[in-house]
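Here is the structure we will look at, set down as structure tokens.
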Amino acid sequence: MAGFDRAAVATMKGWVDAITLPDDSEYPEQSAFFAARLGGPRYRSWAEGAFAAGLQQAGDLEERLGTRSVEF
């Protein structure tokens with residue numbers, strides 16, 4: 001992406017955003033739903049295991065997160 005014309009990329013991103021992003025009025029409900037799920041015990045358990053195993057640290061877990069995330 002670094003080699004592409006910045007103005008052209010910004011213009012195209014604006015077009016895509018205009019037809020794909022929900023209206024701002026939808027965000028509060030969606031954000032509240034997402035936050036409620038993150039506060040639940042299932043996510044907390046997953047996050048604790050993932051961080052203990054090396055999440056957000058250089059290494060195998062970060063490099064293979066898609067396949068390794070099912071371990072937690």
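The values are calculated or read from the model by the stated rules, or taken from the named source; none is laboratory data. Quick caveat: nothing in here was measured; it's all calculated off a predicted structure. All Cβ positions, even for glycine, are placed from backbone atoms using ideal geometry, and neighbour counts span all protein chains on display. Remember, those area values only see protein heavy atoms, side chains included, never the ligands or the DNA or RNA. Shrake-Rupley method; radii C 1.70, N 1.55, O 1.52, S 1.80 Å.
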Rounded to the nearest 20 Debye, what is the dipole magnitude of the chain about its Cα centre when Lys and Arg each give +1 and Asp and Glu each give -1 at the C-beta?
200
Where does the chain land at 222 nm, in deg cm²/dmol rounded to the nearest 500, when only DSSP H runs of n ≥ 4 count, each adding -39500 (n - 2.57), divided by all residues?
-19500 deg cm²/dmol
Once the convex hull of the alpha carbons of the stretch 18-68 is built, what does its volume come to per residue, in cubic angstrom?
122
Output wanted: per-residue J couplings in Hz (rounded whole) for the stretch 9-20, from phi through Karplus 6.51 cos²θ - 1.76 cosθ + 1.60, θ = phi - 60°, x for Gly and Pro.
5, 4, 5, 5, 4, x, 5, 5, 4, 4, 9, 10
Please list LEU55, LEU38 in order of solvent-accessible area, largest first, computed with a 1.4 Å probe with all protein chains present.
LEU38, LEU55
Which of the trypsin sites (Lys or Arg not before Pro) found in the stretch 12-72 are loop residues per DSSP with 10 or fewer other Cβ atoms within 10 Å of their Cβ?
ARG64
